[in-house]
Amino acid sequence: MILACLNCGTRISGKWLFLGLPWSTYTCPRCGSMFAGTLLRLVLTSLGVAVFGYVLIAVVKGRMCPGTLIVPGVIAFGLLTLKLPRQLREVGEHGAESS
């Protein structure tokens, strides 16, 4: 269920999933395949994190109940980590130039 290498199935690093910039690439430590996020991933994760941030600010300012953070938090976490269609694209193999 968690994003994994499209070739060998090794889990993708959580550090890259949460902190990787949209134009950054990830190299699989097992098979050496290189991946990058797609525009769809950028849009979905940006919307999920933006909604979570909006609700978080509202909770901090006292305009919303802290319990309202649960649903946007779960959705944002899911968008960042779950294996959804067209989230990753292969950009090259280890030792080959990326296209």
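The values are calculated or read from the model by the stated rules, or taken from the named source; none is laboratory data. Because the structure is a prediction, the values reported are computed rather than measured. Positions of Cβ are backbone-derived with ideal geometry, glycine not excepted, and every protein chain shown enters the neighbour counts.
Numbers below:
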| quantity | calculated |
| --- | --- |
| Tally of residues being more than 12 Å from residue 92 (Cα to Cα) and more than 12 Å from the chain's Cα centre (by Cα) across region 7-23 | 5 |
| From 78, 73, 62, residue being at pLDDT 90 or above and at positive phi | 62 |
| Residue pairs meeting the criteria (Cβ under 8 Å; at least 6 apart or on separate chains; first more than 29 Å from residue 2 (Cβ to Cβ), in region 53-76; second in a helix (DSSP H, G or I) and not charged (D, E, K, R)) | 58/68; 64/55; 64/58; 65/59 |
